[in-house]
Amino acid sequence: MAVSTGTIFPTPTGVLNGFGELILSGELPKSILESVGRICGGFSIAFTLAVCSALLVGLWHPAEYLLDPLIETFRPIAPIAWIPLAILWFGTGTYAAIFIVSYAVFFPVFLNTLSGIRAVDKGLVNAARTLGASPLLIIKDVIIPSALPSIILGARLGMGVGWAAIIAAEMTVGSKSGGGASGGIGQMMFIFLTYSLELRYIIVGMITVGVIALLIDILFRRIEKMLLPWTD
Amino acid sequence: MEYKNARTGEKVRALGPVNFDIGEGQFVSLVGPSGCGKSTLLAILAGLITPTEGSVLLDGLEIKGPGPDRGVCFQDYALFPWMSVLQNISFGLKARGFSLKEREDRAKEFIDRVQLNGFESRYPHELSGGMRQRCALARVLANDPEILLMDEPMAALDAQTRQIMQDDLLRIWSEGSTRKTILYVTHSIDEAVYLSDRILVMSSRPGLIKADINNLFERPRHETRSHPDYAEQIEQIWGLIKNDALQAMTNQEK
């Protein structure tokens, strides 16, 4: 047997040591920074696009007829299904990963924002109109604040699927690039699988993904509390 | 103000031709059986509903949509949940382009008038029903409308709060430099008689102004409810509505 049981079935202490080793070598911090950076980039792009298109679809009927069917057609196509095209278009590096993340984040943000906009209390819009508010002020001071809880929910869900997508993307992109170049937690995990079969390190990667996702969600809840003092 | 020849409603013609004048500074109530279209009439005047036929004239000008010259108080108050009391009250001024300083000064003046001092930074969900109602009233008054359109503003309040709010409303109304013209929709005849100078009685299907009654009682009216003629005036108006109201009830039961 070439592989020891310690490798295939890593022990808790082995994983714990793995954390120490990967942090000391700088591999884990570097991968985390890389993945988090991509997540931030992809999330920002997708969030902006999704909120804008949801506003357009929710408030302007022609956009509803044009954009909605288009978006609904793309929605069932999983983010990882785009990986071959993403690699061809953007190479095996950061841009391909950002594309995949953006694609994944877009839908939950779009759908939740749209449902938030559609659920706006007509009575409040009417009240604003009778007080003399312009359509622009109504969007800014009535519709967006009213949809904000849904937008934040969409952002939280989007962040979740974004993480799922980036690990998948980095693993696949990593297999294509043959290791090395593009980085990220997903690729780090892939390299340990194909080149050294250090399962402890792969588990370190998995735990890292979970912990960071949790931290980001806590951050989002903080932001939610801060932005929505009027709920509860 | 004229309101003529308007017919609305998709399936049922809710309103027949209606035409009435309200003198400046007058407090006019609109009572009628449920479903007679009194709220529809108010929404048309507010510019929130476009009549299918006819036109609405306010001071000779046609109403083409909502505008700050007609302030509306809604039954559910329609306060913005994400805005503090101060922000709610200054919203109309913001919409009309006043500077932040002007907005807050004026809003504070009206917070004083409706006695919400100390609650400036509270959110609507932290207020009682009566306080929400006063906040909504201040929001409309701060905008200095020519006429106040009130759609059963006290229907959601409990009986005791309502009685207190009625006196508050009369106090706030009479305190201003100039009394606002008020058109007040209510299903309560007692409320109409207690509050207003004039009572318009509507009939249902289609809604028409059936009677235009001048209130007998002098202000202030704190003692009015115990006056022997009070019950008589209510009875007289009830007599006008009763048949329609019974009709409405049986229609609902069907």
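The values are calculated or read from the model by the stated rules, or taken from the named source; none is laboratory data. Given the structure is predicted, the values throughout are model-derived calculations rather than measurements. As a convention, Cβ positions derive from the backbone with ideal geometry for all residues, glycine included, and neighbour counts pool all protein chains shown.
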For segment B:100-123, name all the residues that are surrounded by 13 or more Cβ atoms within 10 Å (Cβ to Cβ) and among the hydroxyl-bearing types (Ser, Thr, Tyr).
B:Tyr123
Does any residue of segment A:204-222 turn out to be modelled with pLDDT under 85 and surrounded by fewer than 19 Cβ atoms within 10 Å (Cβ to Cβ)?
no
Unique residue being polar (S, T, N, Q), surrounded by fewer than 21 Cβ atoms within 10 Å (Cβ to Cβ) and touching a His at 6+ places or on another chain (Cβ under 9 Å) when the list is A:Thr231, A:Thr194:
A:Thr231
Quick check: anything in segment A:123-132 farther than 18 Å from A:Trp60 by Cα, among the polar types (S, T, N, Q) and in contact with a strand residue (DSSP E or B) (Cβ under 6 Å, 6 or more places away or on another chain)?
yes
Of the candidates B:Arg113, B:Arg139, the one satisfying the condition of being touching a residue at least 12 places away in the same chain (Cβ under 8 Å) and under 20 Å from A:Val142 (Cβ atoms) is B:Arg139
Would you list the helices (runs of 4 or more DSSP H) that sit entirely within segment A:1-91 and hold 1 or more residues that are in contact (Cβ under 8 Å) with a residue 12 or more places away in the chain and under 16 Å from the mean Cα position of the chain (by Cα)?
A:27-59, A:83-90
B:Ala155 is checked against (1) in a loop (DSSP other than H, G, I, E, B); (2) more than 25 Å from B:Ser34 (Cα to Cα) and fails just one. What number does that condition carry?
(2)
For segment A:100-132, give me each residue that is crowded, with 23+ Cβ neighbours inside 10 Å and away from chain B (no Cβ under 14 Å).
A:Ile100, A:Val101, A:Ser102, A:Tyr103, A:Ala104, A:Val105, A:Phe106, A:Val109, A:Phe110, A:Asn112, A:Thr113, A:Leu114
Qualifying position, being within 25 Å of A:Arg129 (Cβ to Cβ) and among the acidic types (Asp, Glu), among B:Glu126, B:Glu146, B:Glu191, B:Glu175:
B:Glu146
